[in-house]
Every structure is written in C-alpha cells, then in structure tokens.
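Written below as structure tokens is the structure these notes are about.
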Amino acid sequence: MARRPPRRGLAHHGETAAHYVVGGAPKAEPGQTAAQVLKSLRRHHHESLDILCVVDPDEALVGIVPIARLLALSPETAVGEAMEAGYPRVPPDMDQERVASLALHHGLTSIPVVDHGGRLLGVVPPAALLRILRREHVEDIHRLAGISRETHRAREAIELPPIRRARHRLPWLVVGMMGSMLATLVMAGFEQALAANLAIAFFIPGLVYLADAIGTQSEAVAVRGLSLSHTRLGRLVGGEMRTGLIIGLVLGAITIPAVWIAFGDGRLAIAVALALFFAGGVASTIGLLLPWVLGRLGSDPAYGSGPLATIIQDVLSLVVYFTVVQLIVL
C-alpha cells in the first residue's frame, strides 16, 4: 500500500510520526449514522481501514470507532454514540519509538496523528507500526553489538578494496610504531635498574599485556555505552577510572604472594602490585577517553583508537613500573 506524502506544513523527519502518517483514513462526524458511514466507505478508497476517525466540523478529532465495531452497529446508530473519546493520539513530531511504545501499551493497530490544535492529520497505520518496531529492534541489536549508527563510513571500513583499507589504517600503525620506539627509549633509560636486578624485566610483558587488556575492555564499553548513556563525560571517566583502579588492586593483590613466593623478594612483589594498580586506572581512562576524542575530532575510532591506546598504555605502564621499582626495590 503506497504511503501518501505528509500534508503541506507537516514536519517531515525520518524518526517521527510525521514520517509514517497517511491522510487517507476514513472519518465521519458524530451525527452520521452507521449506515451512512458504511455507504461512504464503499464508495471511496482509504489507505488505512482499521479505525474510523470521528471529527467535528473543524476537523478536530473527537474520538474513534474501530471498523469491527462499526460493522456491528445497527444502521440507525450515530457513530458519536459508539466512539471512544479518550482514544490515544499523537502529535506529528513525536519520536517513532514513543509512537510504537504507545501502540504496544494500549494494544492499538493504528494511531491518529493530530496537529497541536487537535485537528486530524491522518493515522499511523499497522504496516508503519510494524516497520517502526522492526527498525527500533534492529537498532537495539546494533547497540548491543557496539554499533552506534549504521553509517556509510562504518561499511566502508570493511568493504573497501584492500589497498584503500590499508591506506586508511597504515598511518595509525606508523604512529604506533613510532610509539614503540619511544617505549624502547623508556626501557633504555632504565638500563641501570635492569642491570641491578634482572628479575625486574620478567614482569614487563605481563604488566603491558594486562594494561592493554584493561584498556581494550574499556574501549568496548565506551563504544557501546557512549551511544546509549546520557551521563556527563566527566562522571563516566571518573567511574571508569575507579573501575580500573579496583581491577588493578585485585590483580595486584593476587600478584603479591605469587611474586613473593617465586622470587623471595617482598619489595619487588609490592612494586609489581602497585604498578598494576596505577596501570589499571590509567589504561581504563585512556580506553574510555580515546574513542570519544577521536570521534569528536571527526576521525573514525575504529582505525585509531586501538593503535594509539595500545602505545600510550604501554609507555605509561612502563614509566609507572620503573618509577615504582626505583622508589621501592632499588
């Protein structure tokens, strides 16, 4: 069934009731009898035939009569006597999700759309309500999968030819490679600490891995949650930082007895635990902030957040670790 374009002057937005309204719904005045209305229905084509809209001479909606009830009325009964005066109605600018929720809540198959003066503009028919429900359902699934919006850029990231995909991704990896050189310089700067106690080096791979893992979890939470949450960014960052510190505290507490027993060095065990504690807070904060910053700068976080977050976390984790080691162990 073709959908008639919205009436002139009606706001036309893809996610509002105005986008789905059809103007060809049957209507009658309260004083018309069931026989008169049925005769009119047989003579005219209607785009939606679920409800009869009862309007006054100024086209203001005063109630509705379901078509099934209309067919059961005696021919001489006025439709005004059988109408539901409190039937739900929506303005044209109401969000489509609220329209669908209203229909589900009241068990409706069609919903009248009225302007802000109460005049009938049309109805949102059953087929449109089904389309809205499907669209909202798919959107919710995408959000759960971490897809905030199905954009052309997101599809390009996986559908472009390999050369163009590499061109998009290589600059970020080059930045990551330069960052790895910086990490090497950090290691070289603490050469004396490594020479004084070789056991310090044994924990670097594990520390870097755990920081990356915590940051990756935060990135996943950020990609999914930032599209759904209405909480201020500062509060989200504070909560994620505290979460990372708690994770680091637990991992550090598990590490202390294991390192102490294996190496017989209590100070080294405490240093590793403290490094994990601080690295957890830093990694979780970067993992949340970086996708948001790249998005605000107009860059696709899918390309840049992974390489950038990894190298920043690695460098900061090494700096924190060696600083703590120098203060406690050496």
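Just a few scattered comments:
- The range 54-65 residues that are more than 16 Å from GLU84 (Cβ to Cβ), paired with ones that are assigned to a strand (DSSP E or B) (beta carbon under 8 Å, 6 or more apart): ASP58/ARG119; GLU59/ARG119; GLU59/LEU120
- The residues on offer are VAL114, VAL124, VAL175, and the sole one that is at pLDDT 85 or above and more than 28 Å from the chain's Cα centre (by Cα) is VAL114.
- Subset of the range 100-135 (residues that are of a type in the set (D, E, K, R), in contact with an Asp or Glu (Cβ under 9 Å, 6 or more places away or on another chain) and surrounded by 15 or more Cβ atoms within 10 Å (Cβ to Cβ)): ARG135
- Residue list for the range 158-197, filter: among the polar types (S, T, N, Q) and in contact (Cβ under 8 Å) with a residue 60 or more places away in the chain: SER180, ASN197
- Any hit, the range 200-215, residues being of a type outside the set (A, V, I, L, M, F, W, C), touching a Ser or Thr at 6+ places or on another chain (Cβ under 9 Å), at pLDDT below 85 and part of a helix (DSSP H, G or I): yes
- Filter pass, ILE247 being surrounded by fewer than 20 Cβ atoms within 10 Å (Cβ to Cβ), modelled with pLDDT of 90 or more and not basic (Lys, Arg): no
- Cβ-Cβ under 6 Å pairs, at least 6 apart or on other chains, the range 35-49 side more than 19 Å from PRO126 (Cα to Cα), far side in a helix (DSSP H, G or I) and modelled with pLDDT of 85 or more: VAL37/VAL79
- Within the range 75-93, one or more residues are within 16 Å of VAL65 (Cα to Cα), acidic (Asp, Glu), surrounded by 13 or more Cβ atoms within 10 Å (Cβ to Cβ) and in the same structural domain as LYS27 (by TED's automatic domain parsing).
- Among (1) surrounded by fewer than 14 Cβ atoms within 10 Å (Cβ to Cβ); (2) under 27 Å from ARG131 (Cβ atoms) - the single one ASP58 does not satisfy: (2)
- Exactly one residue out of LEU276, LEU288 is part of a helix (DSSP H, G or I) and either at pLDDT below 80 or surrounded by fewer than 22 Cβ atoms within 10 Å (Cβ to Cβ) (or both), and it is LEU288.
- Note on the range 70-99: residues that are among the charged types (D, E, K, R) and over 20 Å from LEU129 (Cβ atoms) amount to 2.
- Scanning the range 1-41 for residues that are at pLDDT 50 or above and part of a loop (DSSP other than H, G, I, E, B) yields a total of 13.
- Residue list for the range 100-130, filter: in contact with a Ser or Thr (Cβ under 8 Å, 6 or more places away or on another chain) and not in a strand (DSSP E or B): ALA103, SER110, PRO125, PRO126, LEU129
- Flag if ALA302 is of a type in the set (A, V, I, L, M), at pLDDT below 90 and surrounded by fewer than 21 Cβ atoms within 10 Å (Cβ to Cβ): yes
- GLU150 passes every criterion in (1) out of contact with any Phe, Trp or Tyr (no Cβ under 9 Å at 6 or more places or on another chain); (2) of a type outside the set (S, T, N, Q); (3) modelled with pLDDT under 85; (4) part of a helix (DSSP H, G or I) apart from (4).
- Residue-level analysis places THR255 among those that are of a type in the set (S, T, N, Q), in contact with a Leu (Cβ under 9 Å, 6 or more places away or on another chain) and surrounded by 14 or more Cβ atoms within 10 Å (Cβ to Cβ).
The values are calculated or read from the model by the stated rules, or taken from the named source; none is laboratory data. Quick caveat, the model's predicted, so the values are computed rather than measured. Methodologically, a virtual Cβ is constructed for each residue, glycine included, from the backbone with ideal geometry; neighbour enumeration extends over all protein chains shown.
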